[in-house]
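Just below is one structure, and these are the notes that go with it.
The values are calculated or read from the model by the stated rules, or taken from the named source; none is laboratory data. This is a predicted model, so every value here is computed, not measured. Every residue, glycine as well, gets a Cβ built from its backbone with ideal geometry; the counts of neighbours run over all protein chains shown. The area values use the complete protein model at the heavy-atom level, side chains included, leaving out ligands, DNA and RNA. Shrake-Rupley method; radii C 1.70, N 1.55, O 1.52, S 1.80 Å.
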Amino acid sequence: MNDIPIKIAILKFVAEQGVVTVDDVMRKFGRWSSSDPVRMTMTQVGITHQKFGSVKHGLWFIDKPELFALLRRYYRDIPKFKVRGMRLLLKVPHSLGVNHIRIGFEKSSKIKVVDWWSEEYIRALPPGKRDGITAHKIPDAIFWHQRKDGTHSKFFLEYERSLKAPHRYGKIFQFYDKRVDVKNKNVIYVCETEFVRDKLIAIEQALAKGGKIKGTGLNFTFITLDEFNRAYSEAKQSKEEDDEKL
């Protein structure tokens, strides 16, 4: 990984997340005190820039297929991403929230993320390599944490800015409940507000009471974004807490 140019590492991050900000890139790589070299690097590599509301320095995304081909020179196993353009811009607040959560996990010393499959990454995989994920239900991310003994544990991430229709959660919760790799509360719902979190907890309880899922407290972790920020802040945490928390 050390021989990967920083511009290529940034390009990979943008491809995986779909839409990023300059602040996302600075937090992710942690090597600049000014935004100027970040913007210059992304411009030089050909990443597209677009103003967006009050977002400082706007949004950055890939709309040139040749940039995905460039990535494959350095990452042989990376899936074949496709240009999604305006479709990505339709859910910018959600995308930036997922970026924030990813970087929070990766920077926290409470967890050692060794692999991250974003929604864009999963969509780019051939169906046979999606690890049982169907086109009808793609999580916001799947990631793996390395325990102290070197083994890996798998997690699914869902970021809920607002509530979907209740019947949709019934199908989603049942989808996870049937998976053999869903256990020990490894489906993490990061909720924008306490209201959203409490509604999801109530839906889980109702499904369990109706016999539609195995039970409560088995598969899902529901936390607010504020709780996530406190638990997985970028400040270095005590190493002894790593595996007790996840």
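Out of all the residues in segment 182-191, is one or more of a type in the set (Lys, Arg), at pLDDT below 95 and open to solvent by 60 Å² or more (accessible area, probe 1.4 Å)? No, segment 182-191 contains no residue that is of a type in the set (Lys, Arg), at pLDDT below 95 and open to solvent by 60 Å² or more (accessible area, probe 1.4 Å).
Among the residues of segment 96-113, is any out of contact with any helix residue (DSSP H, G or I) (no Cβ under 9 Å at 6 or more places or on another chain) and surrounded by fewer than 17 Cβ atoms within 10 Å (Cβ to Cβ)? Scanning segment 96-113 turns up no residue that is out of contact with any helix residue (DSSP H, G or I) (no Cβ under 9 Å at 6 or more places or on another chain) and surrounded by fewer than 17 Cβ atoms within 10 Å (Cβ to Cβ). When you check Asp3 against the structure, is it closer than 19 Å to Ile122 by Cβ, open to solvent by 50 Å² or more (accessible area, probe 1.4 Å), assigned to a loop (DSSP other than H, G, I, E, B) and free of Cβ contacts under 8 Å to residues at least 24 places away in the same chain, yes or no? Spelling it out, it is not the case that Asp3 is closer than 19 Å to Ile122 by Cβ, open to solvent by 50 Å² or more (accessible area, probe 1.4 Å), assigned to a loop (DSSP other than H, G, I, E, B) and free of Cβ contacts under 8 Å to residues at least 24 places away in the same chain. Considering segment 22-55, the residues that are open to solvent by 70 Å² or more (accessible area, probe 1.4 Å), within 20 Å of Gly104 (Cα to Cα) and not acidic (Asp, Glu) include one that is nearest to the chain's Cα centre (by Cα), namely Arg31. Scanning segment 148-164 turns up no residue that is under 28 Å from Asp24 (Cβ atoms), hydroxyl-bearing (Ser, Thr, Tyr) and in a helix (DSSP H, G or I).
In summary, Phe81 fulfils each of the numbered conditions (1) of a type in the set (Phe, Trp, Tyr); (2) open to solvent by 30 Å² or more (accessible area, probe 1.4 Å); (3) more than 19 Å from Glu106 (Cβ to Cβ) with the single exception of condition (2). Within segment 78-107, residues that are within 19 Å of Lys154 (Cα to Cα) and of a type outside the set (A, V, I, L, M, F, W, C) sit with their Cβ atoms under 8 Å from residues that are open to solvent by 40 Å² or more (accessible area, probe 1.4 Å) and not in a helix (DSSP H, G or I), at 6+ positions apart or across chains, in these pairs: Gly104/Glu234; Lys107/Gly30; Lys107/Glu234. The set of residues from segment 56-78 being surrounded by 12 or more Cβ atoms within 10 Å (Cβ to Cβ) and over 20 Å from Ile122 (Cβ atoms) comprises His57, Gly58, Leu59, Trp60, Asp63, Lys64, Leu70, Tyr74. For segment 136-169, taking the residues that are of a type in the set (A, V, I, L, M) and surrounded by 13 or more Cβ atoms within 10 Å (Cβ to Cβ), the one that is farthest from the chain's Cα centre (by Cα) is identified as Leu163.
Sub-6 Å Cβ pairs linking a first residue in segment 8-33 that is charged (D, E, K, R) to a second residue that is open to solvent by 10 Å² or more (accessible area, probe 1.4 Å), at least 6 apart or interchain, are Glu16/Glu120; Glu16/Tyr121, ordered by first then second residue.
Just one of the listed residues (Tyr169, Tyr159) is at negative phi and in contact with a strand residue (DSSP E or B) (Cβ under 6 Å, 6 or more places away or on another chain), namely Tyr159.
For segment 50-111, which helices (runs of 4 or more DSSP H) that fit wholly inside it have 3 or more residues that are out of contact with any strand residue (DSSP E or B) (no Cβ under 8 Å at 6 or more places or on another chain)?
Values: elements: 65-74, 86-89, 92-107.
Ranges flagged: 65-74, 92-107.
Looking at segment 213-226, which of its residues are part of a helix (DSSP H, G or I) and loosely packed, with under 15 Cβ neighbours inside 10 Å? Result: Asp226, single match.
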